[in-house]
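Have a look at the structure below before the remarks.
The values are calculated or read from the model by the stated rules, or taken from the named source; none is laboratory data. In this text, all values refer to a predicted model and were calculated from it rather than measured experimentally. Quick reminder, even Gly has a Cβ in these numbers, built from the backbone with ideal geometry, and neighbours come from all protein chains shown.
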Amino acid sequence: MASLTVRVPERLRKDMRKLTDVNWSAVVRDAIEERVRIEELRTKCDWDRVRQAVKMTDAIYDQMNRKYGHIQFNSAETIRYWREKRHGPT
């Protein structure tokens, strides 16, 4: 097993020493494992949901195209407009 050094404030270290029945290595190990699990889930891409979203987007685009014809639309301009409206010009 690998070793890891963690720095904590002296006050916290004194409080930890008072709790003699707590296995601090296990507490830190469990916390790190849980955080790794959370980060892996957060970064995992659900390709089925991505495909479903693409199909929905294409369906909306086709519906708008049939109803209104081809629309000149620049998404970058729209995003820039709303960012500037929210945060002011950059």
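Quick check on this structure: which one of R42, R17 is in a helix (DSSP H, G or I), over 23 Å from A2 (Cβ atoms) and at pLDDT below 95?
The match here is R42.
Would you check if R37 is of a type in the set (K, R) and under 27 Å from the mean Cα position of the chain (by Cα)?
yes
Is one or more of the residues making up region 24-32 more than 27 Å from the chain's Cα centre (by Cα) and not small (G, A, S)?
Yes; the residues of region 24-32 include at least one that is more than 27 Å from the chain's Cα centre (by Cα) and not small (G, A, S).
Within region 22-39, work out how many residues are farther than 16 Å from L4 by Cα, β-branched (V, I, T) and assigned to a helix (DSSP H, G or I).
1
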